[in-house]
1. Among K452/K586; K6/K52; K333/K452; K479/K639; K517/K648, which pairs are too far apart, with a Cα-Cα distance over 22 Å?
2. Under a 5 Å amide H to amide H cut-off, with H placed in plane at 1.01 Å, what residues pair with H359 once short-range neighbours are removed?
3. Pairs to check: K89/K192; K437/K579; K424/K471. Give those whose C-alpha atoms are more than 19 Å from each other in this structure.
4. As a check on your grasp of the helix formula, calculate [θ] at 222 nm for the chain: sum -39500 (n - 2.57) over DSSP H runs of n ≥ 4, divide by the residue count, round to the nearest 500.
5. Whose amide H sits under 5 Å from the amide H of T101, counting only residues 5 or more places off or on another chain, with H placed in the peptide plane?
6. Could you give me the ³J(HN,Hα) list for the range 413-423, computed from phi with Karplus coefficients 6.51, -1.76, 1.60 and θ = phi - 60°, whole Hz, x at Gly and Pro?
7. In degrees between 0 and 90, to the nearest 10, how far off the longest principal axis of the chain does helix 617-628 point, with axes built from Cα atoms?
8. Pairs of Cα atoms under 8 Å, at least six residues apart: use those to get the relative contact order of the range 400-564, whole percent.
Amino acid sequence: MENYRKLTGEEIIQLQTQMCTASDWDSVEVVMDFSPEYVRATRFSGKVRLGKFTKDFEMAGGIRKHSGLYHTTLHNVTVGDDCCIENVKNYIANYDIGHDTFIENVDIILTDGRSSFGNGVAVSVLNETGGREVMIHDCLSAQQAYIMALYRHRPALVEGLKRMVGRYVDSVSSDIGTIAPNVTIVDAGYIKNVRIGEYCKIEGTSRLKNGSINSNRHAPVHVGVGVIGDDFIICSGASVEDRATLSRCFVGQSCHIGHTYSASDSLFFSNCHGENGEACAIFAGPFTVTHHKSTLLIAGMFSFMNAGSGSNQSNHMYKLGPIHQGIMERGAKTSSDSYLLWPAKVGAFSLVMGRHVSHQDTSDLPFSYLIEQQNTSYIFPGVNLRSVGTIRDAQKWPKRDGRTDPDKLDCINYNLLSPYTIQKMFNGKSILQNLVKASGETSDTYSYQSAKIKNSSLHKGLMFYDLAINKFLGNSLIKRLETVPDGNIDAIKARLRPDTPVGAGQWVDLAGLIAPKSEIDSIIEDIENGHLADVVSLNARFASIHSNYYTYEWTWAYGRIMDYYHLDPETITTEDIIKIAEKWKKSVVTLDEMVYEDARKEFSLSAMTSFGVDGDSAQRTRDFEEVRGGLFDSNTFVKAVLEHIRVKSALGDEFLARMRKTGE
């Protein structure tokens with residue numbers, strides 16, 4: 001706790017000679033070793049406390065400025081040691097300013113009345129007219145927001161969450177704002193009721209009102225030129241730039257919002273990227289990306305999503321207002337000029353092309369293409385499993401996780417194949433098989449969810465899903481048995497038994513967290529019963545589930561292995577294990593070979609069109625090679641696919657040899 005003293009008579013006289021004034025000099029207190037030398041043309045009002053001013057700030061270009069107060073007005077302000085505050089056009093009122101902070105050329109910074117600094121603001125996500133409001137706050141995670149927005153069928157849960165958030169809001173509300181240490185605020189306009197975390201940089205911002213910027217030394221926040229923000233939370237590591245506009249928004253950790261992007265009543269969670277376009281009432285789960293001016297995302301839920309240019313949705317199906325919503329499950333993406341008429345639901349890792357107005361629900365047909373052909377929606381089930389783009393996406397997301405804050409709010413599972421997506425494939429197989437039973441093997445097309453599925457696409461879909469199921473179940477089995485030494489079948493049976501019953505049933509994807517539904521239900525019941533009463537503990541529960549993912553995954557996989565391969569846990573043999581491993585090896589190699597052939601298309605002669613301008617074919621090939629990092633066989637990704645085939649084949653051979661030795 002800093003010790004303060006009154007100004008001496010000599011110090012007051014010196015300050016007055018330096019054009020300083022005060023409504024009451026007795027209300028101005030300073031640290032013990034304060035010197036008035038660097039306080040000039042400053043007006044004091046209310047209770048003011050000042051630190052010492054001993055250091056220089058080195059600015060861009062090499063100029064140095066000494067800490068101090070110059071041409072400013074302070075009202076009820078505490079200024080920490082070694083701050084520089086200069087050229088405040090109006091005043092700074094009701095703020096605690098941390099040490100080593102630099103403030104220059106700002107209009108006004110004030111806290112007016114008791115404020116929660118953006119905490120507790122209700123964001124009308126998914127439905128513009130209300131009904132799915134999420135109360136934003138500093139500790140909001142994607143998982144918290146998911147259950148608050150989508151579990152409205154459990155009113156006791158919603159009320160419990162509101163009470164939980166309300167307690168947090170009360171704990172951070174104050175009539176004094178905070179600017180933490182090592183903050184930079186320059187050339188800014190109107191800042192009112194904003195709490196600013198350490199190491200934040202605010203440069204050229206137009207207006208910030210009622211918000212929190214949760215910057216810290218591990219993950220600083222930057223708010224740039226022309227930004228307007230009203231009723232917002234900006235999390236650590238985020239950047240909001242270049243005249244972006246936020247109104248009732250939550251910007252998650254390491255998000256980037258810029259290039260005039262406009263968003264209202266929207267939530268952006270970890271690593272989202274929004275530029276140029278517009279968002280209204282969206283739930284943007286982790287890694288939602290939209291770059292284009294012509295793209296509008298509205299009233300939808302997305303995650304791991306890339307929006308093509310001109311992507312659009314409508315939530316005005318009838319005349320009762322914008323009441324309809326849509327969901328694109330994880331990894332779903334849109335092509336240029338795609339359109340979806342809500343309500344609709346698109347399955348995980350699917351691609352949407354064209355205009356779709358028939359309200360499809362393809363959630364049980366993951367990894368599909370949804371393509372419009374002559375005003376009709378066609379589904380191509382499972383085809384995205386062979387896409388080189390899908391594999392590339394799965395590899396790039398973990399590498400693009402920019403979160404440097406040790407306290408990560410969102411739980412993110414990057415697995416392409418998981419109990420969540422594989423259970424969908426089991427459902428998809430049943431759907432496709434039932435379509436064949438209902439319409440016959442020889443039908444040219446089958447109708448499903450107001451869309452068409454061609455005969456050839458249906459049978460390919462069954463093949464794709466079988467390959468993926470064999471790959472996932474085999475992966476789980478081989479991983480489980482990797483530590484089992486050579487021995488008898490009893491040792492294998494013992495290792496195969498799950499460590500916990502948790503995970504055996506349905507799985508859900510809570511905006512990045514893949515989890516057994518039973519565990520989410522347990523959390524919900526604890527909130528409803530009042531056993532879970534604060535937002536930090538709630539995040540810890542989600543994190544605990546996340547950390548136990550592979551334990552729970554095996555419980556689910558074990559049950560599916562027994563069912564899918566028609567095995568009995570008591571009578572399983574090494575020969576059964578060997579057959580599963582052989583299917584796994586074949587499936588892995590087959591899928592990788594499909595990806596390999598899909599990648600080859602990127603290196604075809606047609607793909608080289610527009611390369612080698614003004615030259616012959618040799619120059620075109622050379623230009624393509626230089627720009628794209630080599631031709632097909634030397635491409636980094638292609639070589640990685642071939643290496644994956646080699647490694648997995650070797651792993652399969654080693655495992656099979658060990659199992660055969662075990663069975664001897």
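No lab work stands behind these numbers, since they all come straight from the coordinates. Quick caveat, the model's predicted, so the values are computed rather than measured. Using ideal geometry, Cβ is built from the backbone for each residue, glycine included, and neighbour counts are taken over all protein chains shown.
1. K452/K586; K479/K639; K517/K648
2. L341
3. Details: K89/K192 14 Å; K437/K579 29 Å; K424/K471 15 Å.
Listed pairs above 19 Å: K437/K579.
4. Numbers: 13 runs with 211 residues, N = 664.
For the chain, the value works out to -10500 deg cm²/dmol.
5. Correct list: C83, C84, N182, V183.
6. With coefficients 6.51, -1.76 and 1.60, one gets 9, 8, 4, 6, 9, 7, x, 5, 6, 5, 5 Hz.
7. 60
8. 29
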